[in-house]
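A short worksheet on the structure shown next.
Read the figures in this text as sums done on the coordinates, not as results from a lab. These numbers were taken from a predicted model, which means no experiment stands behind them. Note: ideal-geometry Cβ built from the backbone for every residue, glycine included; neighbour counts use all protein chains shown.
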Amino acid sequence: MSGHRNTVQAGKSNRQDAVAFTRRHFIIAGATAAGGLAVGIGMLPRAAKALTVAAKPWDGNASSPYDLDAWIAIEPDDSVLIRYARSEMGQGSMTALPMIVAEELQCDWSKVRVEYASPNRSVRENNVYGDMSSVGSHSVRDSRIKLQQVGASARERLIAAAAAQWNVPASECKAADSVVSHAASGRRINYGALASAAAQIKLAAEPAIKAPEHYTFIGKPQPRVDVPLKVNGAAQYAIDTRLPDMVYAAIAQCPVPGGTLASVDEAPLKNMPGIVQVVRLKDAVAVVATDTFWRAKQGLARLHPEWNVGAAGSTDSAQFVKEYRDAALSGTAAVARNDGDVDSALSASGAKTLTSLYEVPYLAHATMEPMNATVHWQGDRLDVWVGTQAADRALKVAAETAGLKPEQVYIHNTFVGGGFGRKSRNDEMVQAIEIAKAINRPVKLVWTREDDMRHDRFRPQAAISFKGALDANGRPTALYIRTAVGSILRSLRINKVENGIEPMAIEGLANNPYQIANTKVECALKNTHIPVAFWRSVGASQNAFAIESFIDEMAHAAGRDPYQFRRAMLGSRPDWIKVLDTVVENSNWGRSLGPGRAQGLAIHECYGTIVGEVAEITISPQGALKVDRITLAADSGHVVNPLGFAEQMEGGVIFALTAALYGKVTVKNGVPEQGNFDTYPMVRLAQAPKIDVHFAMTGGKKWGGAGEPGGAPTAAAVCNAIFALTGKRIRSLPIMDHDLSGSA
Amino acid sequence: MITIDVNGTQHQVDIEPDTPLLWVLRDVIGLTGTKFGCGIAECGACTVHINGRAMRSCSVPIGVLDGATILTIEGLSSDASHPVQKAWVAEDVPQCGYCQSGQIMATVAFLKDFPNPTDADINANITNICRCGTYERLRRAIHRAADLMKA
Ligand code: FES
Ligand code: FES
C-alpha cells in the first residue's frame, strides 16, 4: 500500500461539485442502493428534467411513495414512472416495453419516465419482475402480454378510484391521456390525483387486454427514450461508476482458456507507487492501483505470470479447421430431420447433384464497452455495478460468489455498451467480487480490449456440408445438410445435450421452409477448449450464410433465377413469399447495374422474424469489394416501435457485414490471436452500405424479434452477389481471405 | 504538475507523464463521458478536442499537454443544444450509445473543416467505430448538423 496521491483541483467547475455531491449523496442514502437509471421520454427539455433523476441513480428500495405497484408510479404532477425490467444495450427495448404499458394505461406518453427495475426488489417481492434477461430477441415477445396486463390493471384501478370518488359505476368512466372522465356528469380527474387511492384498490378480476387490431399507440414510431442521454455524456455505463475510496483493477487471465495460474512473482511491483495489492485468482492475476486504471494496467505489465495450460496449449486453428471439416464430412451425427429418402434421391438416375462445404471461424463479440464491473462489498451487503443482459441471473451468481443471500445483493444495471450475447455471462463480475473480497475496498475492474477479445465466449467455429439434387427439369429433389459446430449449451454448462441436437446448431437448417421432398439434416456437436456462446443471430450467423449460399448454387445449377427458384419452393409459406416479393420489388431485382456491379439475394428466418436482403456490390479490377446497398424486407408479424425495429435491422446488417468481410478469430498454441481492432477490423462509415428497410408485416399471432434477425442473410446476399459478378463461390468466411482481383 | 483547461476549468494534475489523457479525464478528473474502447487509437470512442483539434485521448500522454485546452462531450453545450447534438437526437442515432461521445466530438471538429461535407469527405474523415452499426443514421445526422450550422 502506497501513500501516493494525486492532486486534482476542481477549480470553479460546478459540474465537479455536482458529481462530488452525488457521490456523497450515494453514501448517505446509500444504505439501500438499488434500482435504476431514470430517463425522460421526449425531447430535450424533458431530458433535462430526467437528468436530475439520473444524477442520483440507484435509489435504494427502487420504490416510490407514489407506487401503484412494482411497475408503475404516478406522481401528483401526473408524471408516470414505468419500471423497465430488461437491459438497454442499444436494442431499444427501454422504449418498446414501456410503450406496451402505455398502450393500456392510456397515459400521456410525454409524461412518462422510465427507470430500471431493481433485481433486488424482485427477490424481495416474490419475483415480481420475473425473467429480467435480454437475450434471444425475446424482450418484446415474452413481455408483451404481461406488460399489457400491467398497464390495463393500473388503468382499471385508476378508473375504479375515480368512480368511487364520484360514486358512479366504473363502467361509466373512461380513461384517456392521463385523465379519467365521466361523460354523463362531465367530471374529469387527472391520474396524479388518483394514484394513492388506486394503489389501495384490488380488482375483482384482471381486465382483458387489447388485441393488436385495437392498438392506438403500439406500432407508431417513437424516438428512443435513451437517446437524449447519449448525446451529452450523461448516460451512465458500468465503466463510468465512481465510488468514494474506489480503487482500480487490471487483470491478466490465463491466455489459454481453461488453464490456471501457476505462479507470479510480485517483486517487479515493489517500488511502484500507487499499487494497492496483487490478487491471485484461480485462472488470473489482478493488480489493484489507487487512482487510475492506467496505473493498474502498467503495474500488471511488469508481472510475468506462469500458467498451467495443459494439452490445449498446443492446439491451433489449422487443426480445428480439419476437425470440423472431418466431422462435417464423415463419422456419425444425430439426425435432426429426415423427410423422404435423401440417399435414393441423390443417386437417382438423371439427377444432377452438387456438393459443397461451407466454413466459418470463431468470432468475438467486441462490444464497444469492454467488460468491466465495480463492486462494493460491505460484509453483509454486496453492491455491483455491471452491464448485464440478465440482471436477475447476475444477482444469483453474485450471491453465490460472495456467499450471501440474494436479498443482500444489489445489482445496479446500467446502460450496457453493447451486448450481442456477451453480457449474459458476467465473468468480469465474478472476478471483481473475488478481488473486492481480497482487498476489502470498493473496486472497479476493467478489461482491456485485448482481454475482452481474447477472453470472449466466442461464436462457434463450424463446417457445414451440403448435397443437393435436381431433376431433369431443374427442380430440386434432394437436400442433405450436416453441420459440425461447437455446442453453446455444453460450453456454458447449461445442458449436456444428450441427444446430440442443439436448437441453435440447426437453426434455419432443420426448419428451413423450402419444399424439397427428400430432406435430411444432421448435427455433429463438437467443442474445443475455446468457450462458445450466443453471438448476435446465434446459429443463423453461420447457418444462413451456408444454406442461402447453397440454395443459390442450386438455382444456378438449375439455370433458374435465384428469386424464382426460391419462390417456387415456398408454397406453404405466404409470409416468406411476401418478404421475398417485397425485397425483390424494392431492390429492382434483376436490373443490370453496369460493369463491375451485381446483386445477390438471401432470406432467412430466426427468432420469429423473416428477413430478406438484396445486396448490391461493386468489385474493382484490383479486387476491392464494396457493398453499396442492402435492401431489406422484414416480417415480424407485428412491431411495437417501427423506428427502433428499423434501427435494429440496420445495426444487424452492419454487424453481420463486419463478420462477413473481416471476422475471424484464429487460435495459435491454444491462444486466441486477434486482440484489438487493428487485427479484428470493423466496418466503418466508409464501408457501410446504404440500407433500405421495408416492412412486410403479416400480423396474425406472430411477434418476431428485432435484435438478432437483421443480419442473418447478409453474408449470403453479399456472397451470392460476388458469384453473380465473378462466378467465384465464396464458401468460407471472411471474404477478405479470398482474392477477388481480376474476377469482375 | 501539469495544468490543463478542461471545458473551461483549470485542473492541476500530478501524475506520471505517460498517463494517457483519457484516464486523467475519466479517473482523475471524473469526466466519464469520454469512453475507453481500444486504447490504441483505433476506435475513436475517446475522441476529445485538444486545442481545437479532434484527438484520440487514449493515445495522448498527459505529459505533453501542459497548458493545453481540452473540450470533452460534457463541455460541448450545457443543454445538448449544439447543432451536432440536436442532429443526433433528430435522427435517433445512438443505439448502445457508447461510441457516440467520440462520434459527436469527431463530427464537431470535422464540420469546422468541411462545412459542406460530401459522403466521400465523411468516409475519409469520420473513421470512428460503431459496433452497433448506426452508420446509416450517423451519416444522415452529419449532413443534418451541417445544415443546422448554416441555418
Ligand atoms: S479508446 Fe482511444 S481510439 Fe479507441
Ligand atoms: S451506438 Fe453502440 S457502439 Fe455505437
For this session: Would you mind working out the magnitude of the charge dipole of segment A:524-616 relative to its Cα centre, with +1 at each Lys and Arg C-beta and -1 at each Asp and Glu C-beta, to the nearest 20 Debye?
Result: 120 debye
Seminar exercise, completed: Expected vector for segment A:321-336, Karplus 3J(HN,Hα) from phi with 6.51, -1.76, 1.60 and θ = phi - 60°, integer Hz, x for Gly and Pro, equals 4, 5, 5, 5, 4, 4, 5, 7, 10, 8, x, 9, 7, 7, 8, 9
Problem set entry | Computed over segment B:48-121: relative contact order in percent, which uses C-alpha pairs under 8 Å that are six or more apart | 35 percent
Exercise. Under 20 Å from a point 7 Å along the Cα-to-Cβ line of B:M149: which residues of segment B:6-48 have their amide N that close?
Worked result: B:7-8, B:44-48
For this session: With unit charges on the beta carbon (Lys/Arg positive, Asp/Glu negative), name the residue among A:V671, A:S620, A:A659 whose Cα is farthest towards the positive pole of the charge dipole of the protein assembly as shown.
Result: A:A659
For this session: In whole Å, largest first, what are the principal axis extents of the Cα atoms in segment B:83-150?
Result: 29, 23, 18
For this session: Could I have the simple spin-label model distance between A:D177 and A:A624, label points 7 Å from Cα toward Cβ, reported in nm to one decimal?
Result: 5.6 nm
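To the nearest 20 Debye, how big is the dipole of the protein assembly as shown about its Cα centre, given +1 on the beta carbon of each Lys and Arg and -1 on that of each Asp and Glu?
Working: 91 positive and 89 negative charges, 64 e Å.
Dipole of the protein assembly as shown, to the nearest 20 debye: 300 debye.
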Problem set entry | Relative contact order, percent, segment B:2-75 [alpha-carbon distance under 8 Å, six or more residues apart] | 43 percent
Problem set entry | Estimated distance in nm for a label pair at A:D245 and A:K396, the labels positioned 7 Å out from Cα along Cα-to-Cβ | 3.3 nm
For this session: Please give the calculated 222 nm ellipticity per residue for chain A, where each DSSP H segment of at least 4 residues contributes -39500 (n - 2.57) and the sum is spread over every residue; nearest 500 deg cm²/dmol?
Result: -9000 deg cm²/dmol
Seminar exercise, completed: Relative contact order in percent for chain B (Cα pairs under 8 Å, 6+ apart) equals 25 percent
Exercise. On alpha-carbon atoms, Rg over Rh for segment A:184-246 using Kirkwood Rh?
Worked result: 1.17
Exercise. Based on the alpha-carbon gyration tensor of segment B:2-75, what equivalent-ellipsoid semi-axes (square roots of 5 times the eigenvalues) come out, in whole Å, largest first?
Worked result: 16, 13, 11
Exercise. Residue-wise, which Karplus ³J(HN,Hα) couplings in Hz belong to segment A:141-150, taking 6.51 cos²θ - 1.76 cosθ + 1.60, θ = phi - 60°, and x for glycine or proline?
Worked result: 4, 8, 9, 4, 5, 4, 6, 4, 5, 4
For this session: Please work out the Cα center distance from segment A:564-607 to segment A:67-131, rounded to the nearest Å.
Result: 40 Å
Problem set entry | Candidate lysines for bridging to A:K690, where Cα separation is under 26 Å - those fewer than 8 sequence places away on the same chain excluded | A:K220, A:K230, A:K578, A:K626, A:K664, A:K728, B:K86, B:K112, B:K150
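Taking segment A:241-346, which trypsin sites (Lys or Arg not before Pro) meet the DSSP loop condition and have no more than 13 other C-beta atoms within 10 Å? Let's see the in-between values first.
Details: sites: A:R242, A:K270, A:R280, A:K282, A:R295, A:K297, A:R302, A:K322, A:R325, A:R337; in loops: A:R242, A:K270, A:K282, A:R302.
Hits after loop and neighbour filter: A:K270, A:K282.
So if I take the alpha carbon set of the protein assembly as shown, get Rg, then get Rh from the Kirkwood formula, what is the Rg over Rh ratio?
Expressed as Rg/Rh, it is 0.97.
Return one quarter of the surface area of the convex hull spanned by the alpha-carbon atoms of chain B, equal to its mean projected area, in nm².
Values: hull surface 33.7 nm².
With every direction weighted equally, the projected area is 8.4 nm².
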Exercise. Per-residue HN-Hα couplings for segment A:678-687, Karplus 6.51 cos²θ - 1.76 cosθ + 1.60 at θ = phi - 60°, whole Hz, x for Gly and Pro?
Worked result: 6, 10, 10, x, 10, 4, 10, 3, 5, 9
For this session: Using a Gaussian network model of chain B whose springs link C-alpha atoms within less than 10 Å, name the residue from B:S59, B:S101, B:S81 with the highest mean-square fluctuation.
Result: B:S81
Problem set entry | Cβ-placed point charges (K, R +1; D, E -1), dipole of segment A:442-491 about Cα centre in debye, nearest 20 | 120 debye
Exercise. For segment A:707-740 and segment A:382-403, what is the separation of their Cα centres, given in Å?
Worked result: 40 Å
